[in-house]
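Heads up: the structure comes next, in structure tokens.
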Amino acid sequence: MEASKTASAGHVLFLQRPACSRVPPEILLEIFALVAPSQASLRACILTCRQWNLVGTPVLWRRPQFHRLSSVEHFASTLVSFTSGAGVSHYAKLVETVSFSTLPEVDRNNPQLATLLDTIVNCMVVPTKPTLGLPAKPSGRNLLLPPVIKRSRSLSRNNASCSGGVTSCDADDPLAARPLSATDLQLADGDAATIAAAVATGVGPAAEQDGEAASERQALATAVYTSSLRQLDLRFCKGVRNYSLQRLAPRLASINVLNLAGGLRTDITIAKLSQHMTDLRRVSLAWTSNLTDFGVSELVQRCKGIEALDLTYCMQIEDTSMLAIAHNLHSLAALSVAYCAGVTDIGVREVATRFPGIQIINVAKCLRVTDRMRKHLAQGNVVYACDSFDPFSIYRNRLQPRAKKAMY
């Protein structure tokens, strides 16, 4: 009897809960995924109740949308306010995509965008310094420096401060100090041989400090950065200069989808980015007039897991890039070289032969690719002319090629 009363009471309590809190989380995720394009609506949803907030907050932060530069500034300041010295904030760990392509052109060309991107990335990364095996400190650590004659501020640096002909030097200026001799050094055990060896090899406190500084610089240079950021879209964002991207390259190692279309990127910038972004899967360098075969070769040699590569309207690339792509990539599924006048049948045939399962080789408006090669691609069920924005979108998880349709 008491068990039935308890069960009925629990049923009544369940019915008394608001209807919004009784929706299963998996259903809420599906609903929030549909509402996600309108972030204002999604924000209103997560303010409904605690359960909706727990489920919808990761969806809201996963792919923030920016429609003006002030929204980017607000987002960056929010990340900074939540970031503490202990590490990355909880909200920064939820961000997976940063896209500035929806900003107006005047905001995309604003140099302040590079500073904001630097702030956002720095709030998301976690540096991991490798442990360096530093050598044992030499016995020169116990060497005592001789007294240094301090120069009077009223005298010039070239005047002598004593009749003995000793050039005066400033203790704050290590370059002005005279070289040490064996008579100036005093070792605790009085080993003259060790003193002479220290003078001959330059081992001393200053040299050791330089070695430690070099080790610290090496540790910072080889530090590994991890973050939740997976997709970066800087399409036609000329405000983010090449130098800014090169400086951020070590902190962007976790990215696997990169869109740099129309950003005036150079071969050196692409080489620097590919040196750290070895896990890239989708890359768009369309409308990059400065890109040459060297930049493409550096990219494909270091990022061998690329599945989709967009080189539309890269006018300087030729068959050398096609051969590099064919011989270095392992799982290429889509390639676009549309409007590339330097690409010929030789390069296209090499790519098609190396990747029998490739879905797209976009050669639209390639003047040196013959109709015979296009027919050969069509016989292999390869799409040879398509809209590059559709299959190469960074928001697409799987390639879904459109039906083969010639544009001629």
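Table for the structure above
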read-out	value
When residues of segment 36-53 are limited to those that are under 29 Å from the mean Cα position of the chain (by Cα) and open to solvent by less than 60 Å² (accessible area, probe 1.4 Å), the one nearest to Gln65 (Cα to Cα)	Gln39
Within segment 22-35, tally of residues that are modelled with pLDDT under 85 and surrounded by 13 or more Cβ atoms within 10 Å (Cβ to Cβ)	1
Count - residues of segment 273-293 that are touching a Ser or Thr at 6+ places or on another chain (Cβ under 6 Å) and either acidic (Asp, Glu) or surrounded by fewer than 19 Cβ atoms within 10 Å (Cβ to Cβ) (or both)	2
All positions within segment 324-339 that are surrounded by fewer than 24 Cβ atoms within 10 Å (Cβ to Cβ) and touching a helix residue (DSSP H, G or I) at 6+ places or on another chain (Cβ under 6 Å)	Ala324, Ala326, Asn328, Leu329
Residues located in segment 83-108, provided they are under 22 Å from Ala261 (Cβ atoms) and open to solvent by 60 Å² or more (accessible area, probe 1.4 Å)	Glu96, Thr102, Glu105, Val106
Residue check for Ala406: assigned to a loop (DSSP other than H, G, I, E, B), at pLDDT below 90 and surrounded by 14 or more Cβ atoms within 10 Å (Cβ to Cβ)	no
Complete set of residues in segment 59-82 that are of a type in the set (D, E, K, R), more than 21 Å from Asn256 (Cα to Cα) and not in a loop (DSSP other than H, G, I, E, B)	Glu73
Some residue of segment 282-300 being in contact with a strand residue (DSSP E or B) (Cβ under 8 Å, 6 or more places away or on another chain), of a type in the set (D, E, K, R) and modelled with pLDDT of 95 or more	yes
Condition met for Asp267 (within 21 Å of Val369 (Cβ to Cβ), touching a Phe, Trp or Tyr at 6+ places or on another chain (Cβ under 7 Å) and in contact (Cβ under 8 Å) with a residue 12 or more places away in the chain)	no
Failed item in (1) without any contact (Cβ under 8 Å) to a residue 60 or more places away in the chain; (2) surrounded by 18 or more Cβ atoms within 10 Å (Cβ to Cβ), with Leu232 passing the rest	(1)
Failed item, numbered, when Arg368 is tested on (1) in contact with a Gly (Cβ under 7 Å, 6 or more places away or on another chain); (2) open to solvent by 60 Å² or more (accessible area, probe 1.4 Å)	(1)
When residues of segment 256-272 are limited to those that are of a type in the set (D, E, K, R) and over 12 Å from Ala286 (Cα atoms), the one most open to solvent (accessible area, probe 1.4 Å)	Lys272
Residue match in segment 60-81 (condition: closer than 29 Å to Glu26 by Cβ, over 22 Å from the mean Cα position of the chain (by Cα) and free of Cβ contacts under 8 Å to residues at least 60 places away in the same chain)	yes
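The values are calculated or read from the model by the stated rules, or taken from the named source; none is laboratory data. Quick caveat, the model's predicted, so the values are computed rather than measured. Positions of Cβ are generated from backbone atoms using ideal geometry, with glycine treated the same way; all protein chains shown enter the neighbour counts. When the accessible area is computed, the model is the full protein with side chains, heavy atoms only, and any ligands, DNA or RNA have been set aside. Shrake-Rupley method; radii C 1.70, N 1.55, O 1.52, S 1.80 Å.
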